[in-house]
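Trainee: Below you will find the structure I want to go over with you.
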Amino acid sequence: WRVGYAVARAQIVATMAKIQEPMVSCVNTVAQHAAIAALTGPQDCVEEMLGHYRRRRDLIVDLARQHGLKASYPYGAFYMLVDISGQPSGSLEFCQGLLGTERVAVAPGSAFGDSCEGYVRVSFCASDEALIEGMARLARYLRRVSRRGTPICR
(Lines give C-alpha, C1' and ligand atoms only; values in the text may rest on other atoms or scores of the structure.)
Protein backbone atom coordinates (compact mmCIF):
# COMPACT_ATOMS: atom_id res chain seq x y z
CA TRP A 1 0.00 0.00 0.00
CA ARG A 2 3.03 2.30 0.21
CA VAL A 3 4.34 1.98 -3.33
CA GLY A 4 3.88 4.77 -5.81
CA TYR A 5 5.22 7.92 -7.34
CA ALA A 6 4.03 11.44 -8.08
CA VAL A 7 4.67 14.08 -10.67
CA ALA A 8 3.57 17.53 -9.55
CA ARG A 9 4.42 21.21 -9.36
CA ALA A 10 7.04 22.27 -6.78
CA GLN A 11 4.40 23.76 -4.46
CA ILE A 12 2.47 20.48 -4.33
CA VAL A 13 5.65 18.43 -3.90
CA ALA A 14 6.61 20.66 -0.92
CA THR A 15 3.24 19.94 0.70
CA MET A 16 3.56 16.23 -0.09
CA ALA A 17 6.98 16.17 1.58
CA LYS A 18 5.41 17.41 4.83
CA ILE A 19 3.04 14.46 5.01
CA GLN A 20 5.40 11.86 3.54
CA GLU A 21 7.05 10.99 6.87
CA PRO A 22 3.91 9.87 8.76
CA MET A 23 2.50 8.16 5.68
CA VAL A 24 5.47 5.89 4.94
CA SER A 25 6.97 5.36 8.37
CA CYS A 26 3.78 4.85 10.38
CA VAL A 27 1.45 1.90 10.23
CA ASN A 28 -1.47 2.57 7.88
CA THR A 29 -5.09 2.05 8.91
CA VAL A 30 -5.56 -1.14 6.90
CA ALA A 31 -2.49 -2.70 8.50
CA GLN A 32 -3.65 -1.63 11.98
CA HIS A 33 -6.99 -3.40 11.50
CA ALA A 34 -5.21 -6.47 10.11
CA ALA A 35 -2.96 -6.53 13.19
CA ILE A 36 -5.98 -6.37 15.50
CA ALA A 37 -7.61 -9.26 13.66
CA ALA A 38 -4.37 -11.26 13.79
CA LEU A 39 -3.98 -10.73 17.53
CA THR A 40 -7.60 -11.28 18.54
CA GLY A 41 -8.55 -13.99 16.05
CA PRO A 42 -7.92 -17.74 16.15
CA GLN A 43 -4.32 -18.59 17.05
CA ASP A 44 -4.13 -22.21 15.87
CA CYS A 45 -2.53 -21.14 12.58
CA VAL A 46 0.20 -19.34 14.57
CA GLU A 47 1.18 -22.53 16.39
CA GLU A 48 1.11 -24.42 13.11
CA MET A 49 3.44 -21.91 11.43
CA LEU A 50 5.75 -21.87 14.46
CA GLY A 51 6.08 -25.62 14.07
CA HIS A 52 6.97 -25.25 10.38
CA TYR A 53 9.56 -22.56 11.12
CA ARG A 54 11.13 -24.58 13.96
CA ARG A 55 11.42 -27.60 11.70
CA ARG A 56 12.96 -25.53 8.88
CA ARG A 57 15.31 -23.83 11.33
CA ASP A 58 16.49 -27.18 12.61
CA LEU A 59 16.88 -28.40 9.03
CA ILE A 60 18.95 -25.43 7.86
CA VAL A 61 21.15 -25.48 10.97
CA ASP A 62 21.77 -29.19 10.40
CA LEU A 63 22.50 -28.55 6.70
CA ALA A 64 25.01 -25.83 7.60
CA ARG A 65 26.79 -28.26 9.94
CA GLN A 66 26.75 -31.07 7.37
CA HIS A 67 28.40 -28.77 4.83
CA GLY A 68 30.95 -27.46 7.31
CA LEU A 69 29.53 -23.94 7.28
CA LYS A 70 29.93 -21.67 10.28
CA ALA A 71 26.49 -20.15 10.90
CA SER A 72 24.48 -18.37 13.56
CA TYR A 73 21.72 -20.18 15.40
CA PRO A 74 18.39 -18.41 14.77
CA TYR A 75 16.39 -18.05 17.99
CA GLY A 76 13.59 -15.81 16.76
CA ALA A 77 14.04 -15.06 13.08
CA PHE A 78 13.44 -16.98 9.87
CA TYR A 79 16.96 -16.45 8.58
CA MET A 80 20.50 -17.16 9.69
CA LEU A 81 23.89 -15.66 9.04
CA VAL A 82 26.51 -17.79 7.33
CA ASP A 83 30.18 -16.84 7.75
CA ILE A 84 31.88 -16.26 4.38
CA SER A 85 34.89 -14.41 5.76
CA GLY A 86 37.25 -17.14 4.51
CA GLN A 87 36.89 -15.96 0.93
CA PRO A 88 38.47 -12.82 -0.53
CA SER A 89 35.44 -10.81 -1.65
CA GLY A 90 33.01 -8.57 0.18
CA SER A 91 29.60 -9.99 0.97
CA LEU A 92 27.89 -8.14 -1.89
CA GLU A 93 30.34 -9.47 -4.47
CA PHE A 94 30.03 -12.94 -2.98
CA CYS A 95 26.23 -12.79 -3.30
CA GLN A 96 26.46 -11.62 -6.89
CA GLY A 97 28.82 -14.48 -7.73
CA LEU A 98 26.65 -17.02 -5.92
CA LEU A 99 23.58 -15.83 -7.80
CA GLY A 100 25.34 -15.80 -11.17
CA THR A 101 27.07 -19.14 -10.76
CA GLU A 102 24.82 -21.26 -8.57
CA ARG A 103 21.48 -19.44 -9.02
CA VAL A 104 21.09 -19.01 -5.26
CA ALA A 105 19.96 -15.67 -3.81
CA VAL A 106 21.07 -14.64 -0.34
CA ALA A 107 21.39 -11.18 1.21
CA PRO A 108 24.83 -9.62 1.70
CA GLY A 109 25.73 -9.03 5.32
CA SER A 110 26.90 -5.53 4.42
CA ALA A 111 23.24 -4.58 3.92
CA PHE A 112 22.81 -4.94 7.70
CA GLY A 113 25.76 -2.80 8.73
CA ASP A 114 29.52 -3.02 8.95
CA SER A 115 29.44 -5.65 11.70
CA CYS A 116 27.74 -8.11 9.32
CA GLU A 117 30.30 -7.80 6.53
CA GLY A 118 31.81 -11.24 6.02
CA TYR A 119 28.41 -12.92 6.35
CA VAL A 120 25.42 -13.65 4.15
CA ARG A 121 21.84 -13.87 5.35
CA VAL A 122 20.02 -17.05 4.35
CA SER A 123 16.25 -17.19 4.67
CA PHE A 124 14.55 -20.46 5.52
CA CYS A 125 11.15 -19.39 4.18
CA ALA A 126 11.33 -21.99 1.44
CA SER A 127 10.56 -25.64 0.83
CA ASP A 128 12.75 -28.32 2.35
CA GLU A 129 13.91 -29.26 -1.14
CA ALA A 130 14.94 -25.67 -1.94
CA LEU A 131 16.78 -25.36 1.37
CA ILE A 132 18.64 -28.63 0.87
CA GLU A 133 19.69 -27.71 -2.66
CA GLY A 134 20.43 -24.07 -1.84
CA MET A 135 22.68 -24.86 1.10
CA ALA A 136 24.59 -27.43 -0.96
CA ARG A 137 25.13 -24.85 -3.71
CA LEU A 138 26.17 -22.17 -1.22
CA ALA A 139 28.72 -24.49 0.38
CA ARG A 140 30.05 -25.60 -3.01
CA TYR A 141 30.47 -22.00 -4.18
CA LEU A 142 32.11 -20.92 -0.93
CA ARG A 143 34.62 -23.78 -1.18
CA ARG A 144 35.34 -22.92 -4.81
CA VAL A 145 35.96 -19.20 -4.29
CA SER A 146 37.91 -19.75 -1.09
CA ARG A 147 40.36 -22.02 -2.94
CA ARG A 148 40.68 -19.87 -6.05
CA GLY A 149 41.01 -16.62 -4.19
CA THR A 150 38.50 -14.79 -6.39
CA PRO A 151 34.78 -15.15 -6.90
CA ILE A 152 33.31 -16.36 -10.15
CA CYS A 153 30.91 -13.74 -11.49
CA ARG A 154 29.10 -14.17 -14.78
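The values are calculated or read from the model by the stated rules, or taken from the named source; none is laboratory data. What you are looking at is a predicted structure, and each value in this text was computed from that prediction instead of being measured. Note that we place each Cβ from the backbone using ideal geometry, even for glycine, and neighbour counts take in every protein chain shown. Side chains included, ligands, DNA and RNA excluded: accessible areas come from the protein's heavy atoms. Shrake-Rupley method; radii C 1.70, N 1.55, O 1.52, S 1.80 Å.
Trainee: Which of the three applies to the stretch 13-73, rounded, prolate or oblate, going by the alpha-carbon gyration tensor with a ≥ b ≥ c and a/c under 1.5 meaning rounded? Intermediate values should be presented prior to the final figure.
Mentor: Values: a/c = 6.99, a/b = 1.73, b/c = 4.05.
Oblate shape, in that a/c is at least 1.5 and b/c is the bigger or equal ratio.
Trainee: When every alpha-carbon pair in the chain is counted, what percent end up more than 19 Å apart?
Mentor: Tail of the P(r) past 19 Å holds 64 percent of the pairs.
Trainee: Comparing Gln87, Gln20, Gln96, which has the greatest mean-square fluctuation in the GNM of the chain with Cα pairs linked when under 10 Å apart?
Mentor: The residue that fluctuates most here is Gln20.
Trainee: Considering only Leu131, Ser89, Gly76, whose Cα is most displaced toward the positive end of the charge dipole of the stretch 1-152, charges sitting on Cβ of Lys, Arg (+1) and Asp, Glu (-1)?
Mentor: In the stretch 1-152, that residue is Ser89.
Trainee: Let me ask something else. Relative to the Cα centre, what is the charge dipole magnitude of the chain, using +1 at the beta carbon of each Lys and Arg, -1 at the beta carbon of each Asp and Glu, and rounding to the nearest 20 debye?
Mentor: Its charge dipole is roughly 580 debye.
Trainee: What number comes out for accessible area per residue over the chain if the probe is 1.4 Å? Units Å², please.
Mentor: Heavy-atom SASA per residue in the chain reads 68 Å².
Trainee: Of the accessible area of the chain, with the probe set at 1.4 angstrom, what percent is carbon plus sulfur?
Mentor: 58
Trainee: Measure out, as a whole number of angstrom, how far apart the alpha-carbon centroids of the stretch 4-40 and the stretch 85-154 sit.
Mentor: With the stretch 4-40 and the stretch 85-154 each reduced to a Cα centre, they are spaced 35 Å.
Trainee: What distance in nm separates the simple spin-label points at Met49 and Arg103, each placed 7 Å from Cα in the Cβ direction?
Mentor: 2.9
Trainee: Moving to a separate point now. State the Kirkwood hydrodynamic radius of the stretch 50-141 in Å, one decimal place, computed from all pairs of distinct Cα atoms.
Mentor: 13.1
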